[in-house]
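One structure is given below, encoded as C-alpha coordinates.
The values are calculated or read from the model by the stated rules, or taken from the named source; none is laboratory data. Please read these numbers as outputs of a predicted model, since none were measured by experiment. Note that we place each Cβ from the backbone using ideal geometry, even for glycine, and neighbour counts take in every protein chain shown.
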Amino acid sequence: MTRRILPVLALVCAVGSLTAVAALAQSAKREFTVDAKKFAFSPAKIEVSEGDMVQITLVPADIPHSFTIDAYKIAKRAEPNKPVTFEFLCDKPGTFRFYCNLTIDDGCRRMAGELVVRRK
Ligand SMILES: [Cu+2]
(Lines give C-alpha, C1' and ligand atoms only; values in the text may rest on other atoms or scores of the structure.)
Protein backbone atom coordinates (compact mmCIF):
# COMPACT_ATOMS: atom_id res chain seq x y z
CA MET A 1 0.00 0.00 0.00
CA THR A 2 2.76 2.44 0.96
CA ARG A 3 4.55 1.57 -2.26
CA ARG A 4 1.58 2.73 -4.30
CA ILE A 5 0.91 5.91 -2.39
CA LEU A 6 4.45 7.29 -2.26
CA PRO A 7 4.95 7.72 -6.01
CA VAL A 8 1.54 9.37 -6.27
CA LEU A 9 2.39 11.72 -3.41
CA ALA A 10 5.72 12.55 -5.04
CA LEU A 11 3.94 13.31 -8.31
CA VAL A 12 1.36 15.51 -6.60
CA CYS A 13 4.12 17.45 -4.85
CA ALA A 14 6.09 17.87 -8.08
CA VAL A 15 3.04 19.10 -10.00
CA GLY A 16 2.13 21.38 -7.10
CA SER A 17 5.52 23.07 -7.04
CA LEU A 18 5.58 23.37 -10.84
CA THR A 19 2.21 25.09 -10.73
CA ALA A 20 3.51 27.47 -8.07
CA VAL A 21 6.56 28.30 -10.20
CA ALA A 22 4.38 28.86 -13.26
CA ALA A 23 2.06 31.15 -11.30
CA LEU A 24 5.04 33.18 -10.10
CA ALA A 25 6.41 33.45 -13.63
CA GLN A 26 3.03 34.64 -14.90
CA SER A 27 2.59 37.39 -12.35
CA ALA A 28 5.99 39.04 -12.49
CA LYS A 29 5.95 42.49 -10.98
CA ARG A 30 7.63 45.15 -13.08
CA GLU A 31 8.39 48.57 -11.63
CA PHE A 32 9.02 51.69 -13.67
CA THR A 33 9.65 55.30 -12.77
CA VAL A 34 8.37 57.54 -15.54
CA ASP A 35 9.65 61.11 -15.54
CA ALA A 36 7.49 63.73 -17.22
CA LYS A 37 9.09 67.00 -18.13
CA LYS A 38 9.40 69.41 -21.05
CA PHE A 39 6.42 67.67 -22.62
CA ALA A 40 8.08 64.26 -22.85
CA PHE A 41 7.95 60.99 -20.96
CA SER A 42 11.13 59.18 -19.98
CA PRO A 43 11.29 56.32 -20.67
CA ALA A 44 9.04 56.77 -23.69
CA LYS A 45 8.84 53.03 -24.25
CA ILE A 46 7.86 50.45 -21.66
CA GLU A 47 8.08 46.77 -22.55
CA VAL A 48 6.48 44.04 -20.45
CA SER A 49 5.00 40.59 -20.89
CA GLU A 50 1.36 39.64 -20.91
CA GLY A 51 0.32 38.82 -17.35
CA ASP A 52 2.85 41.15 -15.71
CA MET A 53 1.74 43.37 -12.86
CA VAL A 54 3.13 46.76 -13.79
CA GLN A 55 3.81 49.43 -11.20
CA ILE A 56 4.38 52.93 -12.47
CA THR A 57 5.53 55.93 -10.49
CA LEU A 58 4.77 59.09 -12.43
CA VAL A 59 7.15 61.92 -11.56
CA PRO A 60 6.34 65.29 -13.17
CA ALA A 61 9.26 67.72 -12.96
CA ASP A 62 7.78 70.99 -14.20
CA ILE A 63 3.98 71.14 -14.28
CA PRO A 64 1.24 68.57 -13.53
CA HIS A 65 1.03 65.75 -16.07
CA SER A 66 -0.94 62.57 -16.43
CA PHE A 67 -0.27 59.02 -17.56
CA THR A 68 -3.19 57.86 -19.66
CA ILE A 69 -3.80 54.59 -21.52
CA ASP A 70 -7.28 54.33 -22.98
CA ALA A 71 -7.26 50.56 -23.57
CA TYR A 72 -6.40 49.93 -19.92
CA LYS A 73 -8.72 52.66 -18.63
CA ILE A 74 -5.88 54.38 -16.82
CA ALA A 75 -5.64 58.12 -16.27
CA LYS A 76 -3.39 59.10 -13.37
CA ARG A 77 -2.47 62.69 -12.67
CA ALA A 78 0.53 63.83 -10.64
CA GLU A 79 2.13 67.12 -9.70
CA PRO A 80 5.74 68.18 -9.20
CA ASN A 81 6.99 66.94 -5.81
CA LYS A 82 3.88 64.75 -5.54
CA PRO A 83 4.61 61.62 -7.55
CA VAL A 84 1.83 59.09 -7.94
CA THR A 85 2.31 55.33 -7.90
CA PHE A 86 -0.21 52.93 -9.36
CA GLU A 87 -0.41 49.35 -10.58
CA PHE A 88 -2.25 47.56 -13.29
CA LEU A 89 -2.29 44.06 -14.71
CA CYS A 90 -1.10 43.91 -18.31
CA ASP A 91 -3.62 41.31 -19.47
CA LYS A 92 -4.02 42.60 -23.04
CA PRO A 93 -1.15 42.01 -25.46
CA GLY A 94 -0.35 44.67 -28.01
CA THR A 95 1.15 48.13 -28.38
CA PHE A 96 -0.64 50.92 -26.57
CA ARG A 97 -0.09 54.65 -26.66
CA PHE A 98 0.28 56.40 -23.34
CA TYR A 99 -0.14 60.14 -23.22
CA CYS A 100 -0.90 63.15 -21.05
CA ASN A 101 -4.59 64.05 -21.16
CA LEU A 102 -4.28 67.36 -19.30
CA THR A 103 -5.13 70.58 -21.07
CA ILE A 104 -3.25 73.02 -18.84
CA ASP A 105 -0.68 73.50 -21.57
CA ASP A 106 -0.88 72.81 -25.31
CA GLY A 107 2.47 71.03 -25.08
CA CYS A 108 0.80 68.17 -23.22
CA ARG A 109 -0.81 67.09 -26.49
CA ARG A 110 2.63 66.19 -27.79
CA MET A 111 3.45 63.99 -24.81
CA ALA A 112 3.23 60.35 -25.74
CA GLY A 113 4.94 57.06 -25.26
CA GLU A 114 4.39 53.39 -25.95
CA LEU A 115 3.52 50.44 -23.75
CA VAL A 116 4.42 47.17 -25.44
CA VAL A 117 2.83 44.06 -23.92
CA ARG A 118 4.40 40.97 -25.44
CA ARG A 119 2.15 37.97 -25.86
CA LYS A 120 3.13 35.01 -23.71
CU1 LIG B 1 1.03 67.10 -19.37
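Observations
- Counting only residues that are over 14 Å from the mean Cα position of the chain (by Cα) and under 16 Å from ALA40 (Cβ atoms), segment 105-120 holds 8 of them.
- Any hit, segment 80-90, residues being under 13 Å from the mean Cα position of the chain (by Cα), assigned to a loop (DSSP other than H, G, I, E, B) and at pLDDT below 95: no
- Close pairs from segment 43-55: first assigned to a strand (DSSP E or B), partner at pLDDT 95 or above and of a type in the set (Gly, Ala, Ser), Cβ under 8 Å, at least 6 apart: LYS45/GLY113; ILE46/GLY113
- Residue within segment 35-51 that is in contact with a helix residue (DSSP H, G or I) (Cβ under 7 Å, 6 or more places away or on another chain) and modelled with pLDDT of 95 or more present: yes
- Listed by first and then second residue, the pairs with beta-carbon distance under 7 Å, at least 6 apart or on different chains, first residue in segment 100-116 and more than 19 Å from THR33 (Cβ to Cβ), second near the ligand (Cβ under 10 Å from one of its atoms) and of a type in the set (Lys, Arg), are LEU102/ARG77.
- When segment 24-42 is limited to residues that are within 16 Å of the ligand (Cβ to nearest atom) and outside any strand (DSSP E or B), the one that is surrounded by the most Cβ atoms within 10 Å (Cβ to Cβ) turns out to be PHE39.
- Looking at PRO7, PRO64, just one residue is at pLDDT 95 or above and more than 19 Å from GLU114 (Cβ to Cβ), and that residue is PRO64.
- Looking only at residues of segment 66-109 that are among the β-branched types (Val, Ile, Thr) and within 14 Å of the ligand (Cβ to nearest atom), we find that the one that is surrounded by the fewest Cβ atoms within 10 Å (Cβ to Cβ) is THR103.
- The residues of segment 52-61 that are surrounded by 15 or more Cβ atoms within 10 Å (Cβ to Cβ) and either under 9 Å from the mean Cα position of the chain (by Cα) or at pLDDT below 95 (or both), listed by number, are ASP52, MET53, VAL54, ILE56.
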